[in-house]
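Participant: One structure, pasted below without further comment.
The values are calculated or read from the model by the stated rules, or taken from the named source; none is laboratory data. Since the model is a prediction, treat every value here as computed from it, not as a measurement. Neighbour counts are summed over all protein chains in view; Cβ atoms, including those assigned to glycine, are modelled from backbone coordinates with ideal geometry. In case anyone asks, the SASA skips ligands and DNA or RNA and just uses the protein heavy atoms, side chains included. Shrake-Rupley method; radii C 1.70, N 1.55, O 1.52, S 1.80 Å.
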Amino acid sequence: MRVALLALAAFGLAGAQMGMSGEEEEMLEELGVTGTPMGRKNQEPKAPAVKSDLPYIRCEVCRRAVELAYAHAKDKLDKRFKHKAKRRNEFTQFEGEAEIQEFIEKVCVVDKPDGPGEWIRRTDLISDGDKLVLYDTGAAGHCERECRTIEQACDEVVDAADTDFSEALYEGAKQGLDLEKVQRMVCNRSAKVCKTKPPPLSPDRIDYPFRAMTDDEKHMADMCAPRRRAARPHGCLLYTSDAADEEDS
């Protein structure tokens, strides 16, 4: 039976690429093979961001993104700057800007397995008095409304900082600046999301519970991710031999 199901799954993948008929889909459903074929666009949209939460988290999201990116930049640039300091009269082509820029561009991408943006999947939004804070749960979660809210806030601050983001990391690593100063350069001066405090958080704010992913769910999400066509796609489902059509978001 297992061999038959695997064969049907393969058949389903080919059918998805060429366009399966209704009869073929019904046959698969009768055999207990359910889900959306790989290669077919998932019709369920990703969870929407909670726009009312955005003003409360932009600053902290920006500071967190800078913290991750600056650690990466220092790791890549420190040796280069030390080498140049010892050989002042030598022309040394600097390497690393492109890689740092690539890291910045991915720091908000939730759906890339083991990428810089995976921190967003681990983060829960917690009401703390009149503030909304980011809490690292230490475990990857389903990317639902709060996850997409953090993702949108991250996109916004990176776009607002623009090229000043990478320049701040470069100068920070070159001059040995502390993290706090680099965060102010990016989040206060460039993105301007930490210049003023947000208003007090409404006590009526709706909290969306964090749902940690099981190991199987995380494995499935990682396996599907490379097959997606967009940087932030809706997700993908695979044929399964039961009715558990679990989506990664």
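Participant: Which value in nm describes the separation of the simple spin-label points at D216 and K195, placed 7 Å from the Cα toward the beta carbon?
Facilitator: 5.2
Participant: I'd like the distance between the alpha-carbon centres of segment 167-209 and segment 115-157, rounded to an integer number of Å.
Facilitator: Centre-to-centre distance over Cα atoms comes out at 15 Å.
Participant: Bin all alpha-carbon pair distances of segment 160-211 at 10 Å intervals from 0 and give each bin's fraction as a whole percent.
Facilitator: 23, 34, 21, 20, 3
Participant: What do you reckon, how do T163, T196, T149 stack up by accessible area (1.4 Å probe), largest on top? It would help to have the intermediate numbers written out before the result.
Facilitator: Numbers: T163 75, T196 110, T149 0 Å².
Order by accessible area, largest first: T196, T163, T149.
Participant: According to a simple spin-label model (label point 7 Å from Cα along Cα-to-Cβ), what is the distance in nm between D164 and S202?
Facilitator: The modelled label-to-label distance comes out at 3.1 nm.
Participant: Using a 1.4 Å probe, how large is the accessible area of S166, given in Å² and rounded to the nearest 10?
Facilitator: That residue has around 30 Å² of solvent-accessible surface.
Participant: Taking a probe of 1.4 angstrom, what is the accessible area of K46 in Å², to the nearest 10?
Facilitator: Its accessible surface works out to 60 Å², give or take rounding.
Participant: May I ask for the net charge around Y70, where only other residues with Cβ less than 13 Å from the Cβ of Y70 are counted and Lys, Arg are +1 while Asp, Glu are -1? If you can, show how the numbers build up before the last one.
Facilitator: Working: positive: R63, R64, K74, K76, K174, K181, R184; negative: E67, D75, D78, E167, E171, D178, E180.
So the environment of Y70 carries a net charge of 0.
Participant: I would also like to ask the following. Report P(r) for segment 107-186: all Cα-Cα distances, bin width 10 Å, range 0 to the bin holding the largest distance, values in whole percent.
Facilitator: 17, 38, 36, 9
Participant: Right, something else. Could you tell me the accessible area of I100 in Å² (1.4 Å probe, neighbours in place), rounded to the nearest ten?
Facilitator: Approximately 10 Å² of I100 is accessible to the 1.4 Å probe.
Participant: Just add up the charged neighbours of P55: K/R +1, D/E -1, any other residue whose Cβ is under 11 Å from the Cβ of P55.
Facilitator: Numbers: positive: K51, R58, K197; negative: D53, E156.
Charge balance near P55 sits at +1.
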